[in-house]
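The values are calculated or read from the model by the stated rules, or taken from the named source; none is laboratory data. No experiment lies behind these values; they were computed from the predicted model shown. Ideal geometry is used to build each Cβ from the backbone, glycine not excepted, and the neighbour counts take in all protein chains shown.
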Amino acid sequence: MGVIIGGSYYHRTEDRYHAQFNQYSLYQGVVTGSSDIFSALHIPSFITPNFPRLGKYWGSGELRNRDAELWTADRSYYQFSPLHGIQIQYIGTRGAEVQGANLNGSFQNTGLQFPVYNQVNQLKQSFRVFNTVNVQGEDKLWNSPWRPS
């Protein structure tokens, strides 16, 4: 009887501190959901396909952290005679990821006379499980020197 147990562990951390996040757009204007802060979105008439004149539409300071982990495990083999064996493989994967972000910025290509500030706070968590089972049998019909191995 042989038992093979393998495992792996993966961990990744990503951290952005005081990064700059910018979005450029053809559009001018801003829609906020408030009638007090409104400038209809439109594409200016002086834009051409050869020179689109992208304007900085939204810019913010970015604080973001991401943490990811992954685990996995493996197989066993049992040979109950020289001619017969069975192999069972189990691959179980568990993974988790958490991400948090804080974006503080403003819309800049609005056409309004005053700035439109925006703050986004985001938290995302995910967990995944993936299980695979594989069973294989090996039977050799005869034991002689010229049999295939």
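Taking the residues in the stretch 7-58 that are of a type in the set (A, V, I, L, M), assigned to a strand (DSSP E or B) and within 31 Å of the chain's Cα centre (by Cα) as candidates, determine which candidate is farthest from N118 (Cα to Cα). Working first, answer last.
If we filter the stretch 7-58 for residues that are of a type in the set (A, V, I, L, M), which is where we start, we get 19, 26, 30-31, 37, 40-41, 43, 47, 54.
Next, only the ones that are assigned to a strand (DSSP E or B) stay: 19, 30-31, 40-41.
Keeping just the survivors that are within 31 Å of the chain's Cα centre (by Cα) gives 19, 30-31.
Working: A19: 16, V30: 11, V31: 12 Å.
Result: A19.
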*Just need a number here: residues in the stretch 96-149 that are modelled with pLDDT under 80 and of a type in the set (V, I, T).*
1
_Based on this model, can you work out whether N102 counts as under 28 Å from the mean Cα position of the chain (by Cα), of a type outside the set (D, E, K, R) and within 30 Å of Q20 (Cβ to Cβ)?_
yes
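Report whether or not Q122 is free of Cβ contacts under 8 Å to residues at least 24 places away in the same chain and either in a loop (DSSP other than H, G, I, E, B) or surrounded by fewer than 14 Cβ atoms within 10 Å (Cβ to Cβ) (or both). Even if it seems obvious, please write down each step before you answer.
Values: free of Cβ contacts under 8 Å to residues at least 24 places away in the same chain: yes; either in a loop (DSSP other than H, G, I, E, B) or surrounded by fewer than 14 Cβ atoms within 10 Å (Cβ to Cβ) (or both): yes.
Spelling it out, Q122 is indeed free of Cβ contacts under 8 Å to residues at least 24 places away in the same chain and either in a loop (DSSP other than H, G, I, E, B) or surrounded by fewer than 14 Cβ atoms within 10 Å (Cβ to Cβ) (or both).
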*Test L112 against the criterion of being under 36 Å from the mean Cα position of the chain (by Cα) and surrounded by 11 or more Cβ atoms within 10 Å (Cβ to Cβ), and give yes or no.*
no
*If you go through the stretch 3-60, how many residues are surrounded by 10 or more Cβ atoms within 10 Å (Cβ to Cβ), among the aromatic types (F, W, Y) and over 24 Å from E97 (Cα atoms)?*
5
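Being at pLDDT 80 or above and either of a type in the set (D, E) or touching a Ser or Thr at 6+ places or on another chain (Cβ under 7 Å) (or both) narrows it down to one of D15, D36, so name that one.
Values: D36 fails: at pLDDT 80 or above.
Testing whether each residue is at pLDDT 80 or above and either of a type in the set (D, E) or touching a Ser or Thr at 6+ places or on another chain (Cβ under 7 Å) (or both) leaves just D15.
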